[in-house]
Every structure is written in C-alpha cells, then in structure tokens.
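What follows is a single structure, written as structure tokens, with notes after it.
The values are calculated or read from the model by the stated rules, or taken from the named source; none is laboratory data. Since this is a predicted model, take the numbers as computed values, not measurements. So basically every Cβ, Gly included, is an ideal-geometry build from the backbone, and we count neighbours across all protein chains shown.
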Amino acid sequence: MYPSLKEFRALWMDFERITVYKEISGDMDTPVSMLSRLLSSDKALLLESAKQNKTYSRFSFLAFEVADKLLLREDGVFRNGVPIGPLSAMVDMFRGQTMPSDHRFGDFCGGYVGCLDFEFVSMCDVLKKPLTRSGGQVMGTFYLVEKFLVYDNYMNSIYLAMSRARDESDPDDAYREIARELD
C-alpha cells in the first residue's frame, strides 16, 4: 500500500484529505469493463484524463459508492433537495480540501469532482448580454469521491484507492480502517 503508515502519519498532520492506494489484480480489465460491472449502482462515475492535444492519456478513474452529491442552482447549493448555503459556500468547501498529489497515480486523488453547465457562466458576470434563465435550473453537479479505482493505461495496472478526510481520529487507527476497506 502507498503511502506507508509512517508516510501517512506525516501527511495526516499536513493535509485535510489523504488517499491510500493498493495495487490489485486486473489483467483482463479495462475502464469500460469495470464500469459495466458497476452500472447497477447509480453512484458510479468514470473520469478520463486527457492531454491538452486531446490524445490518449495515461489514467482513467472509476469512482464508486459516491459519498455525497451537491446540486448548484441560482438560489444556492443543495444536498438531497435541502439548501445548504449560497453558491459562494462552495469556495469555502473546496478551499479546505488540501491533498497531497502523487503523480504516480494521476492528478485526481479523491474529493469533490463535478461539472458546471454553460448557464453557470451567466452567474459570473462575464457575459456582455446575460442569458435568460428559468428559476431553479440545475447549473452544476458535484460528487464527493472517496472510493475509486485508478487504471494506468500505460502500465496496464489497477489501483484501488480510498480518500479520507482528516478528523480527530488517531492516524494509525485511520490507516488501519482504510487498509481494511481496501482489502
């Protein structure tokens, strides 16, 4: 597993979220074959990395058991249909999620991931002529990813990953809990 327990302890002190990786067997698997096995779950996402020149890239990320889903609308951020704050609250939520990045496993290491609809641009006051909007329209969706697979397309390797937010737990206990989840 990476990081080791010793490395995890040091990361626990410096970052808000830490990801642990474990290589798993998957000689015959591809990102699409893995996704097809998880399609019965409505909480699976396939994220493909892409180079700037839009060529084939190295990593694919398959998130499963998504922990949270946030919807962005003109009137705020919503979780399960319940408002949790104004759109500006998203900045504070994301800013507090510092994570170490280990490029051996790609640039994604868990946390929130999502997309913004084009209509969101109208909220940013950058358009010369504002778009006409209908109230309550979803302008973005964000998912909290804590469990995911990393598929290395170059090395044909698969890693099971778990991202964990730092809390008041003892780092050794947190590491052992993650290790149990990854087994």
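A few comments on the model shown:
- Test: residue in the stretch 67-80 that is within 30 Å of L182 (Cα to Cα), out of contact with any Asp or Glu (no Cβ under 8 Å at 6 or more places or on another chain) and either at pLDDT below 80 or among the acidic types (D, E) (or both): yes
- Residue check for D172: modelled with pLDDT of 85 or more and assigned to a helix (DSSP H, G or I): yes
- Tallying residues that are at pLDDT below 90 and under 18 Å from the mean Cα position of the chain (by Cα) within the stretch 1-31 yields 1.
- Of all the residues in the stretch 143-169, those that are at pLDDT 90 or above and of a type outside the set (A, V, I, L, M, F, W, C) number 10.
- Hey, T98 modelled with pLDDT under 90, closer than 17 Å to V113 by Cβ and hydroxyl-bearing (S, T, Y) or not: yes
- Single condition F105 does not satisfy, out of (1) more than 15 Å from the chain's Cα centre (by Cα); (2) modelled with pLDDT of 75 or more: (1)
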